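Bear in mind these aren't lab numbers, they're just calculated from the coordinates by the rules spelled out. Values in this document were obtained by computation on a predicted structure and should not be read as measured data. Cβ placement follows ideal geometry from the backbone for every residue including glycine, while neighbour counts extend to all protein chains displayed.
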Amino acid sequence: MNIDRRALLRTAMLTGAGWSLPGLLPAWARSGTQGVTLPDMTTLTGEDIALTIGRSPFTVGGRTGHAVVVNGTLPAPLIRLRQGQNVRIAVTNTLDEDTSIHWHGLLVPFQMDGVPGVSFPGIRPGETFVYEFPIRHAGTFWYHSHSNLQEQLGHYGPLILDPAGTDRVEYDREHVVVLSDWSFTHPHTIMAKLKKEEGYFNYQRQTLGGLIGARGPEEQMPLKERWMWQRMRMDPTDIADVTGAAYTYLINGHGPGENWTGLFRPTERVRLRFVNASAMTVFNVRIPGLPMTVVNADGNDVRPVEVDEFQISVAETYDVIVQPTEDRAFTLVAESVDRSGMARGTLAPRPGMTAAVPPLRPRPTLGMDDMGMADMNMGDAAADDRDTSGMDHAAEPMSMGDMKMRDESRVPPEVDVGVGVDMIAMHPQDGAGKRGLGLEHAEHRVLVYSDLVALDPNPDERPPTRALEIHLTGNMERFMWSFDGRRFSEVVEPIRFARDERVRVTLVNDTMMQHPIHLHGHFFEIVNGHAGRHPRKHTVNVPPGSTITFDLTADAPGDWAFHCHLLYHMHAGMFRVVKVRPLDGSAT
């Protein structure tokens with residue numbers, strides 16, 4: 001819908017609508033259709049479902065681009081199934097290139113997992129592939145392409161699995177909230193720009209004026225620390241590879257100015273099913289004035305925990321309960337982790353209502369702990385000619401740039417240190433209790449992984465019989481990403497597990513970027529201090545310079561993808577194959 005810009009702004013001024021002075025939309029939201037209550041998304045259910053993948057124009061913010069869509073919609077239709085049923089999903093490809101669908105988080109036979117080259121050949125142009133599998137569990141999930149960066153173009157949709165019996169989460173109404181990032185730049189062009197200059201989309205770099213104009217603790221950094229970052233040719237403001245300079249952030253396919261609205265009646269318990277279906281964006285989610293009670297993470301029920309904000313990494317899902325008691329509107333804010341933009345919607349008792357939209361908060365900067373240097377005695381690293389005898393050289397991170405490796409014996413033996421590895425974190429911190437980037441100084445309640453307690457006892461109480469350490473590695477300047485210093489394009493051995501083996505896996509993030517790591521075909525238990533009730537997830541976000549540990553029962557035979565769910569990181573090499581054997585009783 002085309003709307004006269006002056007009329008839109010005039011309406012905003014007349015209605016007030018809670019906008020900050022002078023009564024206009026924030027700059028990032030000055031587009032789209034204001035005050036429209038959008039219809040519920042298309043829902044597909046039953047034992048036989050048909051999906052068609054094709055291309056379609058997509059319009060947001062007054063501009064039109066080209067999308068890859070499912071059944072003509074972006075996001076794809078909501079698929080709603082029930083635990084215990086069987087489903088057959090016929091997927092027809094009308095594109096001029098191969099495509100696929102991966103059922104993210106679902107426990108399916110590996111031949112139905114939908115990863116070309118790993119579990120099946122892909123779906124060629126003009127062909128139909130029928131996925132068939134039983135529904136073994138319940139919860140909030142999603143589905144998306146695993147082909148040719150099509151996720152970035154709109155090929156994703158929500159998937160709800162209702163429990164076979166009564167849902168233990170009580171609610172009167174629900175809304176599915178699919179968060180995503182949209183760019184009018186083709187994903188292959190984005191990738192090419194990142195390869196040429198890793199910080200191409202970072203328009204929030206530090207300036208001299210920022211020394212005296214920092215707006216909050218997130219932005220404050222001593223001059224000597226800035227000098228150290230400069231010496232290492234690293235950027236403490238490089239929080240997100242692709243930013244609001246290229247992205248419009250969406251809720252259910254609608255830009256911030258279009259005001260997606262979810263209705264409620266005061267005192268109702270409203271279930272919000274959040275899915276982060278973005279290609280690259282980690283969101284910080286809050287509803288000012290309305291507490292949220294987290295009841296489900298990655299499709300698994302957790303003990304209710306009330307928070308004011310949570311970070312949802314790419315590919316994660318969270319279900320929350322809110323209970324508005326007032327007859328007024330609330331703004332739903334999903335702020336990008338680098339604070340270069342936000343997705344925005346409204347919860348309201350009636351269509352057309354709005355609430356105040358908070359301004360973007362000051363952008364965060366990385367600190368020493370994000371380099372795995374939190375326990376290091378820095379001494380004075382401000383100048384090359386200063387005495388550095390006070391520095392604990394053995395404890396420094398090993399940068400392959402100006403900060404030479406101080407002690408090569410400290411390089412983990414499993415890491416192949418080459419041009420694709422620009423640093424090793426020597427003092428990584430446990431990330432289970434860390435707040436998300438940009439939320440360290442928040443005065444309200446922020447969800448962390450250590451808050452999550454499984455509602456049910458963990459199904460496998462056996463202690464792990466083996467420990468495995470996997471390093472998340474990269475070279476930010478060259479935009480190279482890998483596991484243990486080896487990219488998937490190189491000849492690398494699969495990660496091998498014996499069937500039903502219990503393994504304790506520790507992910508060590510040697511980079512200054514966060515990485516949401518996803519294992520197909522399994523749930524794993526994040527080791528967070530709640531023994532016996534560790535939260536079960538399929539995706540875990542590993543903060544910069546930190547570790548996350550999980551216990552895995554390798555109970556699904558087959559070949560499974562294991563990768564960073566930041567789309568361009570996966571495409572650049574942070575991908576491996578996990579083999580679980582034996583299959584069908586064989587020994588190989």
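Over all directions, average the projected area of the Cα convex hull of the stretch 39-137 and note it in nm².
Result: a mean projected hull area of 7.1 nm².
Could you tell me the distance between the Cα centroids of the stretch 117-167 and the stretch 283-329, to the nearest Å?
The distance from the Cα centre of the stretch 117-167 to that of the stretch 283-329 comes to 24 Å.
So what's the gap between the Cα centers of the stretch 427-469 and the stretch 86-101, to the nearest angstrom?
36 Å
Give the residue list of GluC sites (Glu not before Pro) in the stretch 478-537 that are DSSP loop and have at most 14 other beta-carbon atoms within 10 angstrom.
Sites meeting the loop and neighbour criteria: 490.
Please report, in Å, the Rg and the Dmax of the stretch 435-557, where both are computed over Cα atoms only.
Cα only, the stretch 435-557: 15.7, 48 Å (Rg, Dmax).
Amide H of residue 137 versus every other amide H placed in the peptide plane: which residues, excluding those fewer than 5 positions away on the same chain, fall under 5 Å?
84
Starting from the exponent 0.38 and prefactor 2.2 Å, build the expected Rg for the stretch 244-372 from its residue count and divide its actual Cα Rg by it. If you can, show how the numbers build up before the last one.
Details: Rg = 15.0 Å, N = 129, 2.2 N^0.38 = 13.9 Å.
So the stretch 244-372 has a normalised radius of gyration of 1.07.
So what J values fall out for the stretch 92-101 if you push phi through Karplus, 6.51 cos²θ - 1.76 cosθ + 1.60 with θ = phi - 60°, rounded to Hz, Gly and Pro as x?
My calculation for the stretch 92-101 gives 9, 9, 9, 6, 9, 8, 5, 9, 5, 9 Hz in order.
Nearest 0.05, what FRET efficiency do residue 59 and residue 328 give at R0 = 35 Å with Cβ-Cβ as r?
Plugging the Cβ-Cβ distance into 1/(1 + (r/R0)^6) gives 0.70.
Read phi for every residue in the stretch 119-135 and hand back ³J(HN,Hα) as whole Hz from Karplus 6.51 cos²θ - 1.76 cosθ + 1.60, θ = phi - 60°, with x for Gly and Pro.
10, 6, x, x, 10, 7, x, x, 9, 10, 10, 9, 7, 9, 6, x, 9
Taking amide H positions as placed in the peptide plane 1.01 Å from N, state which residues far from residue 146 in sequence (5 or more) or on other chains have amide H under 5 Å from it.
Those qualifying (amide H under 5 Å, at least 5 residues apart or on another chain) are 100, 101, 102.
Please list, ordered by chain and number, the residues whose modelled amide H lies under 5 Å from the amide H of residue 60; skip anything fewer than 5 residues away on the same chain.
65
Loop-only trypsin sites (Lys or Arg not before Pro) in the stretch 494-588, please: DSSP not H, G, I, E or B, and at most 16 other Cβ atoms within 10 Å.
499
Would you order 316, 326 from fewest to most other beta-carbon atoms within 10 Å of each residue's own beta-carbon?
Starting with the residue having the fewest Cβ neighbours, the order is 326, 316.
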